[in-house]
1. Check which residues have an amide H placed less than 5 Å from GLY199's amide H, if you skip close sequence neighbours.
2. As an exercise, use a Förster radius of 30 Å and the Cβ-Cβ distance of GLN129 and ALA96 to find the FRET efficiency, rounded to the nearest 0.05.
3. Mind counting lysine pairs for me in the chain? Cα separation below 30 Å, and the two need to be 8 or more apart along the chain or on different chains.
4. Residue by residue through segment 21-37, what is 3J(HN,Hα) from phi via Karplus (6.51 cos²θ - 1.76 cosθ + 1.60, θ = phi - 60°)? Round to whole Hz and write x for glycine and proline.
5. Could you check the simple spin-label distance between GLU206 and GLN21, using points 7 Å along Cα→Cβ, in nm with one decimal?
6. I'd like the orientation of helix 205-215 relative to the chain: the angle between its Cα long axis and the longest Cα principal axis, in ° from 0 to 90, rounded to 10.
7. Given only helices, namely DSSP H runs of n ≥ 4 each adding -39500 (n - 2.57), what is the per-residue ellipticity at 222 nm of the chain, to the nearest 500 deg cm²/dmol?
8. Quick one, what does Rg over Rh come out to for the chain if you take C-alpha atoms and the Kirkwood Rh?
Amino acid sequence: MPPRTYHQLCAVAKALDLVGQRWTLLIVRDLMPGPLNYSGLLEGLPGLTTNLLAKRLKELSELGLVEKEDAAAGDRTKAQYRLTEAGKDLAPVLGALSQWGRKYGRPSAADDSLNFRWAFIMLGRQYVQTGGRWIVQLQVCDKSMQLRLGGPEFESVAGTGLRPDLILHGVGSSFFELFGGEAAPEKLIADGRLRLQQGAAGEVVEPIWKDFLNSFQLQAAAVT
């Protein structure tokens, strides 16, 4: 079946010929932080069927935007997908869409999902080196992401492998509103939608919290 095309002498139309299909840019977004296997992609894209994911990955592979890394042991379930250089070059496109979506997109809903890989992308555009070196853990139910702050670039690790200095508890919409500037940190804390917990290191919470907010250029607030 020939590829769909707008048949227009326009760079926007030519780009949409390649990545304008439903779910395509969201798959690219989820692969921006690094490779994922098939089940990882499916888990992070609620509402996407397995057949359509397979179709989109095949299309992206044929377009030269995604490539498949076969598992060394030959286990097909562990094979991972990663972006090619052409796929990675879509990063500024996603960044611009994110900024536009924050300004004009629909309000967050209670049943909207949050994948920490998306949070990594949101935070990465705002990060500046400031303050001390801390491990801050984001916790949504049984899902965790740990952020290593203080270096020229921040690092993220899925799970709880590091010893956190501060743990932030909340629902997905709380973190999205915090990172996107839709709600002030002090309001999220006052409403009980975000809770700060002292980490295993026993450090005082307030200076770490302030460094965290400053590192991602979020509005600073005192801990109450």
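1. Result for GLY199 returns LEU166, ILE167.
2. Efficiency, from the Cβ-Cβ distance: 0.80.
3. Eligible lysine pairs with Cα atoms under 30 Å apart amount to 26.
4. For segment 21-37, the Karplus curve yields 6, 4, 6, 4, 5, 6, 5, 4, 4, 5, 8, 4, x, x, x, 9, 7 Hz.
5. 5.5
6. 40
7. On the way: 10 runs with 89 residues, N = 224.
When only DSSP H runs of four or more count, the value is -11000 deg cm²/dmol.
8. 1.00
Just so you know, all these numbers are worked out from the coordinates, no wet-lab data involved. As the structure is a prediction and not an experimental result, all values here were calculated from the model. All Cβ positions, glycine included, derive from the backbone under ideal geometry; neighbour counts span all protein chains shown.
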